1. For residues that are in a loop (DSSP other than H, G, I, E, B) and surrounded by fewer than 17 Cβ atoms within 10 Å (Cβ to Cβ), scanning just the range 155-174, find the one that is nearest to the ligand (Cβ to nearest atom).
2. Check Val124, Val152 and return the single one that is without any contact (Cβ under 8 Å) to a residue 24 or more places away in the chain and within 19 Å of the chain's Cα centre (by Cα).
3. What number of residues within the range 127-144 are near the ligand (Cβ under 7 Å from one of its atoms) and either closer than 24 Å to Met364 by Cβ or of a type in the set (Ser, Thr, Tyr) (or both)?
4. Which condition from (1) under 29 Å from Met144 (Cβ atoms); (2) not assigned by TED's automatic domain parsing to the domain that holds Phe257 is the one that Thr334 breaks?
5. Of all residues in the range 404-433, how many are under 19 Å from Met364 (Cβ atoms) and not basic (Lys, Arg)?
6. Is it fair to say Trp271 is at pLDDT 95 or above and more than 30 Å from Thr299 (Cβ to Cβ)?
7. Could you list, in sequence order, the residues of the range 349-385 that are open to solvent by 30 Å² or more (accessible area, probe 1.4 Å) and of a type in the set (Ser, Thr, Tyr)?
8. Please state which one of Ile197, Ile215, Ile184, Ile189 is open to solvent by less than 10 Å² (accessible area, probe 1.4 Å), free of Cβ contacts under 8 Å to residues at least 60 places away in the same chain and within 16 Å of the ligand (Cβ to nearest atom).
Amino acid sequence: MQYNFRNDCFWNAIPAWENIGREAFFDYKWQLKNSIHSLDRIVSLLSDIVDPIFLADIRSGLEKSAMNIRITPYLFSQIDWSEPYHDPLRKQYLPLESEMRAPHPWSDDDSLAEKQNGKGSLIVHRYPDKVLFLPITVCPVYCMYCTRSRLVGGSTKTKEKDMYGPKPKNWTEAFHYLRDNEDIEDVVISGGDLYQISAKHIELIGKSLLDIPNIRRVRFATKGLAVLPMKVLGDHDWTNAISNVVEYGREKDKQVFLHTHFNHPKEITEWTREALSLLFKKGIIVRNQSVLLAGVNDTPEIMKTLIKYLSYMGVQPYYIYLHDMVPYSEHLRTSLKTAVYIEKSIRGSTAGFNTPTIVCDLLMGGGKRQICSYEYYDELSGISLWKSPNLDPDKIFFHCDPLDELSKEGREIWCDKKKLDAHKDLLIQKINQ
Ligand code: SF4
């Protein structure tokens with residue numbers, strides 16, 4: 001099947017950009033210069049085309065959000081501004097107070113216990129042979145559901161953060177840790193986003209890691225392809241730096257991958273296809289990790305379309321994450337039941353190697369577990385119980401459905417601490433029987 005991705009001048013629907021030509025709009029430097037960082041800028045772009053009530057809703061949403069606004073004109077102008085409440089892109093990047101929910105009682109801004117597994121300030125070492133390296137805390141966009149909302153994107157009214165950009169001197173300590181721990185073979189570079197790291201620093205990080213004898217695999221993470229594909233096409237130094245690191249790894253019989261983050265088919269245009277075609281021709285393997293988001297992509301039809309589009313462009317649909325239990329994005333979380341339903345619906349629709357594994361990254365650092373591998377799932381309280389033998393064989397880990405999706409009886413359990421403790425003990429007994 002031949003797909004025809006969006007290729008029209010969609011940005012001309014925004015009054016301020018109605019005279020911006022194709023060449024100017026697809027200049028990545030223009031995109032960066034015109035990225036939208038403030039409510040004032042949103043008001044100036046939209047006041048003629050959206051209801052002031054909607055703009056007021058964003059204003060009060062921002063008061064409660066853990067993430068600041070940052071969005072590229074490319075994404076901003078793909079939002080359907082005649083239906084902004086329902087648009088899957090708007091929901092990811094612009095908060096509305098009217099759709100926000102109180103945080104789940106067990107949510108935590110470090111829900112994956114990354115601090116507990118921290119080694120120095122830039123390394124998270126949870127799995128035996130794999131680490132996460134966080135060289136920066138800035139991204140080309142800010143996603144309202146970010147799992148590292150405690151670190152990424154600068155302070156907001158609800159959350160103080162220590163933001164940092166590239167500091168190569170601090171990276172040396174991380175490289176020493178990796179060299180000193182010979183069981184570590186796999187490094188994920190995330191944070192923060194690779195798009196905000198210069199070509200020179202990409203080569204420094206990539207080659208320093210590949211020079212460590214025990215490191216066999218390096219994965220660079222970027223959402224950039226979904227939000228600014230023109231950088232891959234126009235910033236030749238940056239794209240060549242990735243390519244050089246891939247080649248450097250290949251010479252050493254080591255693997256280097258690019259991991260990206262598309263959530264919805266609407267994020268894919270003809271420019272995405274061209275950018276991915278360039279990476280493919282350079283021999284760069286790209287995998288995708290989506291987050292399952294309520295009202296954005298939580299239907300089998302949307303996920304199947306996304307998987308087909310990604311596969312068509314040579315991107316492996318690798319993971320779909322159940323949304324982590326971080327505060328201030330409760331309205332975007334889905335239930336375990338929904339994830340299992342989507343897993344059943346998508347499996348068998350295409351080749352197994354292009355079928356993403358749906359995973360739940362457990363509260364308290366239990367790591368990623370395949371969505372159907374829970375020990376017990378109590379739909380009444382929404383609590384699921386899990387084991388993670390390679391991380392802690394004796395511990396029981398938990399995940400919880402959003403309270404909004406529970407019955408009245410289920411929600412009442414969460415209103416009474418004694419009732420909740422007794423219910424939790426009962427569930428633990430069930431799996432210990
Ligand atoms: S791009 Fe990734 S790290 Fe950055 S805000 Fe979005 S989810 Fe968080």
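The values are calculated or read from the model by the stated rules, or taken from the named source; none is laboratory data. A quick note: this is a predicted structure, and the numbers were derived from the prediction, not measured. Here the Cβ is made from the backbone with ideal geometry for all residues, glycine too, and neighbour counts use every protein chain on show. Surface areas here come from the heavy atoms of the whole protein model, side chains and all, with no ligands, DNA or RNA. Shrake-Rupley method; radii C 1.70, N 1.55, O 1.52, S 1.80 Å.
1. Filtering the range 155-174 down to residues in a loop (DSSP other than H, G, I, E, B) leaves 155-167.
From the residues that got through so far, the ones that are surrounded by fewer than 17 Cβ atoms within 10 Å (Cβ to Cβ) too are 155, 157-158, 160, 162-163, 165, 167.
Working: Ser155: 14, Lys157: 17, Thr158: 16, Glu160: 17, Asp162: 15, Met163: 12, Gly165: 14, Lys167: 18 Å.
Looking at the filtered set, the residue picked out is Met163.
2. On the way: Val152 fails: without any contact (Cβ under 8 Å) to a residue 24 or more places away in the chain.
Answer to the selection: Val124.
3. So the first thing to find is which residues in the range 127-144 are near the ligand (Cβ under 7 Å from one of its atoms), and the list is 139, 141-143.
From what is left, the residues that are either closer than 24 Å to Met364 by Cβ or of a type in the set (Ser, Thr, Tyr) (or both) are 142-143.
Selection size over the range 127-144: 2.
4. (2)
5. 9
6. On the way: at pLDDT 95 or above: yes; more than 30 Å from Thr299 (Cβ to Cβ): no.
No: the conditions fail for Trp271.
7. Those that are open to solvent by 30 Å² or more (accessible area, probe 1.4 Å) and of a type in the set (Ser, Thr, Tyr): Ser349, Thr350, Thr357, Ser373, Tyr374, Tyr376, Tyr377.
8. On the way: Ile197 fails: free of Cβ contacts under 8 Å to residues at least 60 places away in the same chain; Ile215 fails: within 16 Å of the ligand (Cβ to nearest atom); Ile184 fails: within 16 Å of the ligand (Cβ to nearest atom).
Going through Ile197, Ile215, Ile184, Ile189 in turn, just one is open to solvent by less than 10 Å² (accessible area, probe 1.4 Å), free of Cβ contacts under 8 Å to residues at least 60 places away in the same chain and within 16 Å of the ligand (Cβ to nearest atom): Ile189.
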